[in-house]
Amino acid sequence: MNQMRATVVHKGELSVRSVPRPEPGPGQLLIKVLRAGICGSDLHVREHADELNEVVTEIGYTTAMTPEQEIVLGHEILGSVVAYGPQTRGRWEPGTSVTALPVLRTDGAVHMVGFDVDSPGGFAEYCVVQEAFTFPVPDGVSPDQAVFTEPLAVAFHAVRRGAVSARRPAVVIGCGPIGLAVILMLKAQGVKTVVASDLSPARRALAVQCGADVVVDPRESSPWDAYKQRGPVTSLTDYLGFGIDAMQVVRRIPLLPWETVLLNADRLGQSPTGPVVFECVGVPGMLEQIMTAAPLHTRVVVVGVCMEPDTIRPAIAIHKEIDLRFVFGYDPAEFARTLEMIAGGKVDPSPLHTGTVGLDGVAQAFSDLADPETHAKILVDPWA
């Protein structure tokens with residue numbers, strides 16, 4: 001059996017080993033990995049694979065990695081076509097640069113690439129991907145750009161779930177790689193005011209490079225004071241007072257269908273509203289902190305993955321009528337559109353790219369990424 005080099009995690013330890021090169025099954029193709037991104041979820045599952053397994057098992061995914069297994073991580077993958085398995089169409093010539101959604105179907109079961117012993121990831125010389133989920137990289141797009149398709153697709157999905165209009169301010173809490181990606185996508189969608197908040201000076205600087213209009217250190221200033229909120233409504237009493245004033249005005253106008261006017265005010269963007277907040281930290285207490293401090297009618301989109309139990313006060317959210325939305329992943333159309341935006345220059349992921357290592361450098365890269373002042377996103381070149 002052909003062998004290849006790969007970085008393997010086992011009981012939290014990373015090491016480079018010679019492992020069997022995967023063979024493409026029905027509907028799959030083998031690619032030579034050119035780049036793979038190190039994601040925050042890779043850092044987490046290295047130490048807490050048991051927590052991931054427990055959570056996803058509850059929602060029906062029963063083959064996620066456990067600490068005792070030897071796993072090849074890496075789900076942000078860019079490679080070139082090597083060979084096809086059976087029941088494929090062979091869409092692209094060998095050597096074609098491609099990227100793919102990290103989902104694989106083997107023997108009728110679906111696996112998450114890089115999180116499952118049955119679907120080794122991209123921290124290796126070769127990897128198997130699903131042909132139906134694979135997309136060719138347009139000419140002129142470098143590997144260092146195209147490999148960002150997967151994490152930027154996560155951000156694109158989050159922004160779409162947030163339904164941010166161009167005029168409504170967006171606040172990004174946490175400027176790690178996913179927060180920075182959200183900023184890039186917010187600006188690509190034409191959002192005029194993006195406020196970014198982070199404790200790290202280096203990450204605040206990267207947020208500026210990604211297009212944030214206002215950047216704050218939450219120890220010194222509040223992100224809620226960093227933009228001009230539409231209207232005078234900042235508290236529950238303000239909101240009730242606004243209602244009295246509005247009724248006094250509309251009832252002065254003869255024959256005005258005031259019920260229709262008020263019912264459509266929100267749809268037309270004329271009623272008091274807060275920002276859309278993207279929570280990109282993922283630590284206990286952050287949701288409660290945001291809901292307590294945010295203005296009325298704020299929409300909170302939870303992007304950061306908190307794996308621990310957390311506590312919120314629903315009464316706060318109720319009295320402020322706060323929307324709470326959670327996001328996970330993306331769909332194939334969002335993935336393809338993200339690649340198009342990168343290729344067309346609408347999104348430039350280069351500020352996120354702060355280093356590249358070979359397979360032998362992955363373990364050190366995991367350690368380096370713990371320091372927010374040093375790196376944002378480190379890429380792996382298995383052939384370096």
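The values are calculated or read from the model by the stated rules, or taken from the named source; none is laboratory data. Remember, it's a predicted structure, so these values are computed and weren't measured experimentally. Neighbour counts are summed over all protein chains in view; Cβ atoms, including those assigned to glycine, are modelled from backbone coordinates with ideal geometry. Protein only, heavy atoms only, side chains kept; ligands, DNA and RNA dropped before computing areas. Shrake-Rupley method; radii C 1.70, N 1.55, O 1.52, S 1.80 Å.
Annotations
- Residues in segment 367-384 that are touching a helix residue (DSSP H, G or I) at 6+ places or on another chain (Cβ under 7 Å) and under 14 Å from PRO177 (Cα atoms): 9 in all.
- Evaluation of VAL82 against the conditions (1) within 27 Å of the chain's Cα centre (by Cα); (2) under 27 Å from THR338 (Cα atoms) shows that the sole unmet condition is (1).
- Residues of segment 85-101 satisfying the condition of being open to solvent by 20 Å² or more (accessible area, probe 1.4 Å) and either farther than 13 Å from LEU30 by Cβ or of a type in the set (S, T, N, Q) (or both): GLN87, THR88, ARG89, ARG91, GLU93, THR96, SER97
- Selection of segment 140-177 for residues being outside any helix (DSSP H, G or I), farther than 19 Å from LEU43 by Cα and either open to solvent by less than 30 Å² (accessible area, probe 1.4 Å) or not small (Gly, Ala, Ser) (or both) yields VAL141, VAL164, ARG167, ARG168, PRO169, ALA170, VAL171, VAL172, ILE173.
- Annotation: of all residues in segment 134-149 being touching a residue at least 24 places away in the same chain (Cβ under 8 Å) and of a type in the set (Gly, Ala, Ser), the one that is nearest to ALA181 (Cα to Cα) is ALA146.
- Odd one out for VAL233 among (1) in a loop (DSSP other than H, G, I, E, B); (2) at pLDDT 70 or above; (3) not small (Gly, Ala, Ser): (2)
- Residue selected from segment 110-127 under the condition open to solvent by 10 Å² or more (accessible area, probe 1.4 Å) and within 19 Å of LEU34 (Cα to Cα), by the criterion nearest to the chain's Cα centre (by Cα): PRO120
- Just one residue in the set LEU199, LEU184 is open to solvent by less than 40 Å² (accessible area, probe 1.4 Å) and out of contact with any helix residue (DSSP H, G or I) (no Cβ under 6 Å at 6 or more places or on another chain); that residue is LEU184.
- Contacts under 8 angstrom Cβ, first residue in segment 264-289 being open to solvent by less than 50 Å² (accessible area, probe 1.4 Å) and among the basic types (Lys, Arg), partner assigned to a loop (DSSP other than H, G, I, E, B) and at pLDDT 95 or above, 6 or more apart: none
- Counted residues, segment 358-384 - those being under 13 Å from ALA6 (Cα atoms) and modelled with pLDDT of 95 or more: 10
- Any chance THR354 is surrounded by 15 or more Cβ atoms within 10 Å (Cβ to Cβ) and over 30 Å from THR273 (Cβ atoms): yes
- Scanning segment 187-196 for residues that are open to solvent by 10 Å² or more (accessible area, probe 1.4 Å) and either free of Cβ contacts under 8 Å to residues at least 24 places away in the same chain or within 18 Å of the chain's Cα centre (by Cα) (or both) returns LYS187, ALA188, GLN189.
- The selection criterion, being over 27 Å from the mean Cα position of the chain (by Cα) and outside any loop (DSSP other than H, G, I, E, B), does not hold for VAL8.
- Positions within segment 274-300 being among the aliphatic types (A, V, I, L, M) and closer than 23 Å to GLU58 by Cβ, in sequence order: VAL283, MET286, LEU287
- Residue tally, condition surrounded by fewer than 18 Cβ atoms within 10 Å (Cβ to Cβ), farther than 18 Å from GLU13 by Cα and either hydrophobic (A, V, I, L, M, F, W, C) or touching a residue at least 60 places away in the same chain (Cβ under 8 Å) (or both), over segment 41-75: 3
- Count of residues meeting criterion [more than 19 Å from SER221 (Cα to Cα) and assigned to a loop (DSSP other than H, G, I, E, B)] in segment 178-198: 4
- Neighbours by Cβ (under 7 Å, 6+ apart or cross-chain): first from segment 109-126, of a type in the set (S, T, N, Q); second assigned to a loop (DSSP other than H, G, I, E, B): SER119/VAL113
- Segment 199-221 - residue that is over 22 Å from LYS346 (Cβ atoms) and part of a loop (DSSP other than H, G, I, E, B) and, of those, modelled with the lowest pLDDT: SER221
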